[in-house]
């Protein structure tokens, strides 16, 4: 790669008591790419992602964003730096409306006295932006933007969470199993959405167990094993069974991939 | 565009119209359920109107007069204000058992500062409010940072504050007359004015205004939405960028502050300031009003207007049974029925997903 990575991590370590979830793990994300992260259950993918998104503070190691070292102590700090995450559990508040959820933690206030002194939320503005975003992504047919999220189907909720990340991410978007709970049609939509987000220049980290999806959209595949990066492969040069063999330890990865 | 995989080619011919279903699911009951789901204060309001109607019919004009109805408001002002504080805490899926004794100790501190120490009354009030807020802050810190269950934390502070109250005050009552002479401002919320036969105290006005302000804050400010989000799903709230600890601490502190404000109102209503009021079950009365008002004990659901209606329901029932000359225990019994009924309705409404 000739470009500089947008985000790099070196030697990340995270231990939970006696369990080592990350064992001196490295990570690189380049501008405009879709990087898939695959690995067995318990390989430490989630912990790696949480370390990058600020949900977990690593015990050791450094993370650099745009060449500057960062240490996120909370997801809020990561978000402020432009890193948006779609969590597997979606992190939506069921009783709140779609618009309230999309703007949770970064609400828009009314201008002037109402907003500055009475701290009044600008509901019409938030609802308009939420509706625009959802329409733009063409994800769903939602009649009422102020309906509670708990009244939506699983796919629609996923859509709201993805739309939220796409709307606010300025540096990168992390998606943890975005298609895991979705049907064929909705999965296709989310994959198209991922490519759509990429087209706008945002790099994406995609965590998934779905090999066909990973091989379809990813530019590079980061294979995680036993708490660290085993290798990075190009999906055009390897097959799905190769990737599965690497991540389960059935086959040793090639030297060239290890260096990448 | 992404290349379409083999099994997905069938999608090209799939129906594109929005799914439509026969409307057999929308029976009247379902529609009521859905309405109640979107309007959480409706249930207590309906119960309130019904109970006023029932007592109005059985007792007649004596009950259904503006004098009696405003008298009920005067009787519930303190519990209504405490219920508002309790609502904030319960919305975060917590509970505050210490709220009643925080009120009492704040009243004692206000009274002592103004009457015994001879401080300016306004300063005494500020000190009392600060003391209440400090108690709430302690609860908040223990809940947010020590991650102790709110029930345990406030069970502890309930005892601690109650004992502190008795030790500090030596259980000496400050007499009504002394307050009147030295600190009439403490009796502010006991003052009343008449509109026809209706008698309203400033305490009643304060309760209504406070509930309206909190309603606005909970529904139209970011902080209010965060209170709901934290009670709904704390993990999701945290991941979506809400500083859950700060929200919890501010909620418990505000609850303590409101309890101290209730103290000021209670001095107006009772006249004297008695430390032994700490043994009254104000905390349970506030929880009762909140629960009957449809605030879910599991957090994140309900409207604070419901709490106001809940407090009024208890007031109406107790006044009505009183006027009917019933044994006071009937009021206790009926309150129990209302609590269980309210929670049962809450569970039923939660099942809706329309």
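The values are calculated or read from the model by the stated rules, or taken from the named source; none is laboratory data. As the structure is a prediction and not an experimental result, all values here were calculated from the model. Cβ atoms come from the backbone with ideal geometry, glycine included; neighbour counts cover every protein chain shown.
Residue B:296 versus (1) under 30 Å from residue A:90 (Cβ atoms); (2) modelled with pLDDT of 95 or more; (3) crowded, with 22+ Cβ neighbours inside 10 Å: which is the lone unmet condition?
(2)
Check the stretch A:47-61 and report whether any residue there is surrounded by fewer than 17 Cβ atoms within 10 Å (Cβ to Cβ) and either at pLDDT below 85 or within 13 Å of the chain's Cα centre (by Cα) (or both).
no
So that you can scan it fast, the table gives a plain yes or no per residue for (1) under 30 Å from residue A:100 (Cα atoms); (2) without any contact (Cβ under 8 Å) to a residue 12 or more places away in the chain:
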| site | (1), (2) |
| --- | --- |
| B:132 | no, no |
| B:165 | no, no |
| B:172 | no, no |
| B:177 | no, yes |
| B:182 | no, no |
| B:188 | no, no |
| B:215 | yes, no |
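Name the single residue, out of those in the stretch A:192-208 being assigned to a helix (DSSP H, G or I) and farther than 16 Å from residue A:37 by Cβ, that is farthest from the other protein chains (Cβ to nearest Cβ). Write out each step before concluding.
First, the residues of the stretch A:192-208 that are assigned to a helix (DSSP H, G or I): A:192-199.
Subset that is farther than 16 Å from residue A:37 by Cβ: A:192-193, A:195-197, A:199.
On the way: A:192: 6, A:193: 10, A:195: 5, A:196: 10, A:197: 12, A:199: 10 Å.
Selected residue: A:197.
Among the residues of the stretch A:75-103, which ones are facing chain B (nearest Cβ under 10 Å) and farther than 21 Å from residue A:177 by Cβ?
Correct list: A:76, A:77, A:80, A:95, A:96, A:97, A:100, A:103.
When you scan the stretch A:209-221, do you find a residue that is away from chain B (no Cβ under 14 Å) and closer than 21 Å to residue A:90 by Cα, even just one?
Scanning the stretch A:209-221, I find at least one residue that is away from chain B (no Cβ under 14 Å) and closer than 21 Å to residue A:90 by Cα, so the answer is yes.
Would you check if residue B:88 is in contact with a helix residue (DSSP H, G or I) (Cβ under 8 Å, 6 or more places away or on another chain), in a helix (DSSP H, G or I) and surrounded by fewer than 24 Cβ atoms within 10 Å (Cβ to Cβ)?
No; evaluated as a whole, the condition is false for this residue.
Give the residues of the stretch A:106-130 that are more than 10 Å from chain B (Cβ to nearest Cβ), farther than 14 Å from residue B:223 by Cα and in a loop (DSSP other than H, G, I, E, B), sorted by residue number.
A:111
Among the residues of the stretch A:231-249, is there at least one that is outside any helix (DSSP H, G or I), more than 13 Å from every other protein chain (Cβ to nearest Cβ), within 22 Å of residue A:48 (Cα to Cα) and under 16 Å from the mean Cα position of the chain (by Cα)? Walk me through it before giving the result.
We begin by selecting, within the stretch A:231-249, every residue outside any helix (DSSP H, G or I); these are A:231-239, A:249.
Remaining after also requiring more than 13 Å from every other protein chain (Cβ to nearest Cβ): A:231-234, A:237-239, A:249.
Those left that are additionally within 22 Å of residue A:48 (Cα to Cα): A:231-234, A:249.
Now drop any that are not under 16 Å from the mean Cα position of the chain (by Cα), which leaves none.
No, because not a single residue in the stretch A:231-249 is outside any helix (DSSP H, G or I), more than 13 Å from every other protein chain (Cβ to nearest Cβ), within 22 Å of residue A:48 (Cα to Cα) and under 16 Å from the mean Cα position of the chain (by Cα).
Say we look at the stretch B:162-198 and pick out the residues that are closer than 21 Å to residue B:136 by Cα and surrounded by 16 or more Cβ atoms within 10 Å (Cβ to Cβ); which of these is farthest from the chain's Cα centre (by Cα)? Steps first, answer last, please.
Going through the stretch B:162-198, the residues closer than 21 Å to residue B:136 by Cα turn out to be B:162-169.
Next, from what is left, pick out any that are surrounded by 16 or more Cβ atoms within 10 Å (Cβ to Cβ): B:162, B:164-166, B:169.
Values: B:162: 21, B:164: 25, B:165: 23, B:166: 26, B:169: 28 Å.
By that ranking, first place goes to B:169.
Just give me the residues in the stretch B:139-160 being crowded, with 16+ Cβ neighbours inside 10 Å and under 20 Å from the mean Cα position of the chain (by Cα), in sequence order. Walk me through how you get there before you give the answer.
Here is the first cut: in the stretch B:139-160, the ones crowded, with 16+ Cβ neighbours inside 10 Å are B:139-144, B:150, B:153-154, B:156-158.
Listed by number, the residues that qualify are B:139, B:140, B:143, B:150, B:153, B:154, B:157, B:158.
Collect the residues in the stretch B:1-30 that are away from chain A (no Cβ under 14 Å) and modelled with pLDDT of 65 or more, keeping them in residue-number order.
Once the filter is applied, which keeps residues that are away from chain A (no Cβ under 14 Å) and modelled with pLDDT of 65 or more, the stretch B:1-30 yields B:27, B:28, B:29.
Quick one: which residue in A:55, A:36 is part of a loop (DSSP other than H, G, I, E, B) and in contact with a strand residue (DSSP E or B) (Cβ under 8 Å, 6 or more places away or on another chain)?
Unique residue meeting the criteria: A:55.
Across the stretch A:154-175, which residue is farthest from the chain's Cα centre (by Cα) among those that are closer than 18 Å to residue A:216 by Cβ and not in a helix (DSSP H, G or I)?
Taking the candidates together, the pick is A:173.
Kindly list, by first and then second residue, each pair from a residue in the stretch B:222-246 that is within 7 Å of chain A (Cβ to nearest Cβ) and in contact (Cβ under 8 Å) with a residue 24 or more places away in the chain to a residue that is surrounded by fewer than 21 Cβ atoms within 10 Å (Cβ to Cβ) and not in a helix (DSSP H, G or I), limited to pairs with Cβ atoms under 7 Å and residues at least 6 apart or on different chains.
Listed by first residue and then by second, the contacts come to B:232/A:94; B:233/A:94.
Given the conditions (1) surrounded by 18 or more Cβ atoms within 10 Å (Cβ to Cβ); (2) within 14 Å of chain A (Cβ to nearest Cβ), which single one is not true for residue B:201?
(2)
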